[in-house]
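The block underneath contains the structure these notes are about, expressed in structure tokens.
The values are calculated or read from the model by the stated rules, or taken from the named source; none is laboratory data. For clarity, every value in this text was computed on a predicted model and none was experimentally measured. Ideal geometry is used to build each Cβ from the backbone, glycine not excepted, and the neighbour counts take in all protein chains shown.
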Amino acid sequence: MPDLLIELFSEEIPARMQGMAREALKKLVTDGLVEAGLTYASAGAFSTPRRLVLAVEGLTAESRPVREERKGPNTSAPPAAIEGFLRSTGLVLEQLERRADKKGEVFFAVIEKPGRKAPEIVAEVLDAAIRAFPWPKSMRWGNGTLRWVRPLQSILCLLTTEAGHEVVPLTVEGIHSGDTTEGHRFMGIGRFTVTGLDDYAAKLRRAKVMLDPAEREAAIWSGAQNLAFAAGMEVVPDPALLTEIAGLVEWPVPLMGRIAEGFLHLPPEVLQTSMKEHQKFFSVRNPKTARIEGFVTVANIETPDAGETILKGNQKVLAARLSDARFFWENDLRVAKAGMAEWLDGLASVTFHNRLGSQVERIERISARASEISGMLGTNATLAEAAAILAKVDLQSAMVGEFPELQGTMGAYYLQAAGFDRSVAYAARDHWSPKGPDDAVPSDEISVVVALAEKIDLLAGFWRIDEKPTGSKDPFALRRAALGIIRIILENGLRIPLLLMVTNAIESFFIAENRKHLPKLDARISDMKETLELYRRLLRADLGGVTVMAPGEMETRIQRARAIAGMLSLEQLMEANTKKTDLLAFFHDRLKVFLKDQGIRHDVIDACLSMPGNDDLTLLVKRATALAETLKTEDGANLIQGFKRANNILTQAEAKDGVEYSFGPDPKFAEGPEEAALFKALDAAEAKIGPAMAAEDFPAAMAAMAALRAPIDAFFEAVQINTDNPVIRRNRLNLLHRIRAVCSGVADLTRLEG
Amino acid sequence: MAAGTDTPKSFQEIILRLQAYWAAQGCAVLQPYDMEVGAGTFHPATTLRSLGTKPWAAAYVQPSRRPTDGRYGENPNRLQHYYQYQVIIKPSPPNLQDLYLGSLAAIGIDLGLHDIRFVEDDWESPTLGAWGLGWEVWCDGMEVSQFTYFQQVGGHDCRPVSGELTYGLERLAMYVMGIDHVMDMPFNAPDAAIPLTYGDIFRQTEEEYSRHNFDGADTQMLFDHFANAEQECDRLLAFAPDDPKSGKRIIMAHPAYDQCIKASHLFNLLDARGVISVTERQAYIGRVRALAKKCADAFRLTEAGRDAEADSARLGA
């Protein structure tokens, strides 16, 4: 069985695209081969900055002949139908067979495709793959019309068997396939011939190219660690950077250097980001001082001076970059210590979204939400409001302008430098979190409040303007925001009425639209600045750290808010109502996805969602977890069966009799020990369930219910409900009602499947 | 950078070596365009000549002005007036990367001693309505050139595609000669009878223009001139192609494009004076782009900018 080797050699492929390119090449080619009737044992793709490589092992030498029969129209069908059939099969009338069918005589097309040799198929498949390659961005060059990521220079395409290798002939845009390639741009040995994958990889290595990106990553990482270790330091891990660098070099040569003394006082995040973004350096930390004191750069060449010239050059560039960073840092600190007024001014001219206003307007809303949420959670509203106003000022700092990924991080530094409470500073850093499903959620209570406020405003805003996520489109990352709120609530065990939070946020947009006659934005900003100044004075430690709002201030604000809220028209209220119900449903959907990932079935969640207080997510999840755990036990699973049996009989009887059997059953009508035992068991269960429910101890409540399983099973085994004695029948139906009532505290069990 | 025996001794030597190298590769060595431009790309030898099907190969130094980058001659590498070296070849030859590396060797960069890298960098000029894909070229972590395959200019697809190389001359020269402050760089030979540094020639002008750009320039006049240039560009393009005096078909694409260049520089000056708000900025850029597009449209109708294939197809029909 032949092995196939393909190399598409080009000018430098962007590092960030190499991963997807490997996958795409593998998929396009192997899918094409299989579709054309070939099979293969295994396939692997590789890349370097200059080549994209696919090796397919154990390919069949030719495809099997295929015989396909297709039923056509009736022979008496109109000519147009018959012509259409001929067109679709590529046959002429004489080639069609006529066969008897239930409805008369029918045309049959028998299409025979002979087996084809692998080279023919490979050439066809590779040509199509190159032309349809899904580069995120591609280009033309020279006189050509072909699009590739950068100019494609040569194609190597070989089939290798024990007998030798043959070139698969193919020509794309004037490039003829062959069996030659070249190695490293500067350390190579010119063009050379290869005979198969092993020969190819070995010769490339001699020509100073490591073919496998995983091997390059390993070499870079161990090389960097060794250099750092020898100097008593450690490399700061950065897997994304490692992958990127492996895509920038064919022959990695790590080199370590030191950061000049004059830059060591910069925050570690600044050093790290500047070195990573501009220079693709790893940061090297001194474990004794915990500071970033060095870097590892990865060259693509071995030099006679062991990289000395390269390192010196890199060091020089780094010094220039860090001088800029230091300039930003010092300038920003000056603005921060002066009260940050110019940053607040700047935010007014930054549009958040053309239908949702400027950043300042968004901050105003977040601040209002933070105040409300503080009320719900019992945290310090003054601190939370201040934190919300300040959480995004660093967007205007020079450092964040240069390195957007430092937003929040810089805020925390600058706010601390400006003398603000630590919790305010941390909120600037952490209110963006969680930034993804694996990112930690904030836990400091002020950060929690601002993070919730920031996200609920984002969601409510886009709900207001009907820009909800659809299918795979979620440009504003609203699903992430909703999941963020869910995780913040659950992981901190918060008891917060989500519906109220949603309502406030949605209505605020309608209120704002009614506020056109209120003071102009400028006045509001200056109001905000005054408030800030007030906070600043109030929060200053040397003034005793008083953190209450000035007397009367809160009332004035509440009154103003009420006055404004009162202006919502009936239509607006109804629209807001629709939107908030929809947004809450969105949260519930996200919650289902989240809990499903944790192994909780969707019907378990539905059963709990049917209970009152379903916007208290912590409570909801407590119910769901208890129910899910109980369902895992034998008693629990059987209890559900018993419960459903009781419920079904009762529901049918109620429907038939047209009455509700909710009158307390009387033990004196109990016949036989099983029925009497059930009465006792229900008494015992109720005695436990009541207090457990009051304490929200759902596992205990569920355990008490599960204990009913044996008496219920025994009861159904021994007793017939629909007896001839109407008194006893009624009593038993009332008893079933008691089972239903007792078992309905935690979740609506009727919603469970199976 | 370690000074080897082959290391150039002065700024002008680097320019001369680049000129000699690209001349040897068959480029027409042109002179700078005689107008204020922000980058070598603005020279009509690049913008206009990258359009149409006629083969083209040119190399030139272009003095470039970025008014906002003025630092009164104090910053070691930032200048409001600096030099770019520009190479433009249409269609882009298959060995353009090798030709480029040859030019680095020609100015004394030992390719066996340095780490040369082609790092993804897509180029876009919103004022010219142009974009292309390519790289920034790194030498030991320092960006020394921009390497671009033009895909579109003035809203027109480039067919064939031109390859464009842009060297930031001061930065490159400082690196090659191991100089830390641009003003300390020898401009002519250090052992000449009258040795001159970059600072001897440009320190004073950097001061004067920095003051001019940030505080001196009359903004109302600049606004007026911008409007004039815009109108003049439109007016020149509105002429009927047939010139009654010469009896020839003469489309004034280049004179119109001069007005576009003017508008672009005036915008840069206004920007440096800080009188253009964030929202207005986009509008001004759009206005310059509209001029560039019209000029490109006009140039495509001229002899130099026409499509040879389309012509022959028309003649055939």
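The set of residues in the range B:21-78 being modelled with pLDDT of 95 or more, within 30 Å of A:Ala319 (Cα to Cα) and surrounded by fewer than 17 Cβ atoms within 10 Å (Cβ to Cβ) consists of B:Pro63 alone. Checked against the criterion of being within 24 Å of A:Glu269 (Cβ to Cβ), assigned to a helix (DSSP H, G or I) and at pLDDT below 90, the candidates A:Glu361, A:Glu342, A:Glu330 yield just one match: A:Glu342.
Among the residues of the range A:107-148, write down those that are within 15 Å of A:Val172 (Cα to Cα), within 14 Å of another protein chain (Cβ to nearest Cβ) and not polar (S, T, N, Q). A:Arg140, A:Trp141, A:Gly142, A:Gly144, A:Leu146, A:Arg147, A:Trp148 - these are the residues of the range A:107-148 that are within 15 Å of A:Val172 (Cα to Cα), within 14 Å of another protein chain (Cβ to nearest Cβ) and not polar (S, T, N, Q). Each residue in the range B:204-239 was checked for being of a type in the set (A, V, I, L, M, F, W, C), outside any helix (DSSP H, G or I) and farther than 17 Å from B:Arg300 by Cβ, and 1 pass. Among residues of the range A:282-306 being within 25 Å of A:Arg185 (Cβ to Cβ), assigned to a loop (DSSP other than H, G, I, E, B) and more than 8 Å from every other protein chain (Cβ to nearest Cβ), the one that is farthest from the chain's Cα centre (by Cα) is A:Ala306.
In the range B:245-259, the qualifying residues are those that are in a loop (DSSP other than H, G, I, E, B) and free of Cβ contacts under 8 Å to residues at least 40 places away in the same chain, and the one that is nearest to B:Met35 (Cα to Cα) is B:Ile250. All conditions in (1) touching a Phe, Trp or Tyr at 6+ places or on another chain (Cβ under 9 Å); (2) within 14 Å of chain B (Cβ to nearest Cβ); (3) surrounded by fewer than 22 Cβ atoms within 10 Å (Cβ to Cβ) hold for A:Lys337, with the sole exception of (2).
Looking across the range B:92-112 at every residue that is surrounded by 19 or more Cβ atoms within 10 Å (Cβ to Cβ) and part of a loop (DSSP other than H, G, I, E, B), the one that is farthest from the other protein chains (Cβ to nearest Cβ) is identified as B:Ile107.
Annotation note: of A:Glu269, A:Glu250, the sole residue that is acidic (Asp, Glu), within 12 Å of chain B (Cβ to nearest Cβ) and either assigned to a loop (DSSP other than H, G, I, E, B) or out of contact with any His (no Cβ under 7 Å at 6 or more places or on another chain) (or both) is A:Glu250.
When restricted to residues that are surrounded by 15 or more Cβ atoms within 10 Å (Cβ to Cβ), touching a helix residue (DSSP H, G or I) at 6+ places or on another chain (Cβ under 7 Å) and either among the polar types (S, T, N, Q) or not in a loop (DSSP other than H, G, I, E, B) (or both), the range A:687-723 contains 19.
Yes or no, residue by residue, for (1) closer than 22 Å to B:Cys295 by Cα; (2) of a type in the set (Gly, Ala, Ser); (3) within 13 Å of chain A (Cβ to nearest Cβ); (4) in a strand (DSSP E or B):
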| site | (1), (2), (3), (4) |
| --- | --- |
| B:Thr53 | yes, no, yes, no |
| B:Ser64 | yes, yes, no, yes |
| B:Tyr72 | no, no, no, no |
| B:Asn75 | no, no, yes, no |
| B:Leu79 | no, no, no, no |
| B:Gln84 | no, no, no, yes |
| B:Ile88 | yes, no, no, yes |
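Each residue in the range B:136-190 was checked for being in a loop (DSSP other than H, G, I, E, B), closer than 21 Å to B:Arg65 by Cβ and within 11 Å of chain A (Cβ to nearest Cβ), and 0 pass.
In the range A:94-114, is there at least one residue being surrounded by fewer than 16 Cβ atoms within 10 Å (Cβ to Cβ), at pLDDT below 90, touching a strand residue (DSSP E or B) at 6+ places or on another chain (Cβ under 6 Å) and within 30 Å of A:Glu57 (Cβ to Cβ)? So far as the range A:94-114 goes, yes, one or more of its residues are surrounded by fewer than 16 Cβ atoms within 10 Å (Cβ to Cβ), at pLDDT below 90, touching a strand residue (DSSP E or B) at 6+ places or on another chain (Cβ under 6 Å) and within 30 Å of A:Glu57 (Cβ to Cβ). Taken over the range A:257-266, residues that are more than 14 Å from chain B (Cβ to nearest Cβ) and either free of Cβ contacts under 8 Å to residues at least 60 places away in the same chain or under 25 Å from B:Gly112 (Cα atoms) (or both) amount to 4.
Determine if the range B:118-126 includes at least one residue that is within 13 Å of chain A (Cβ to nearest Cβ), among the aromatic types (Phe, Trp, Tyr) and farther than 25 Å from B:Asn268 by Cα. Checking the range B:118-126: at least one residue is within 13 Å of chain A (Cβ to nearest Cβ), among the aromatic types (Phe, Trp, Tyr) and farther than 25 Å from B:Asn268 by Cα.
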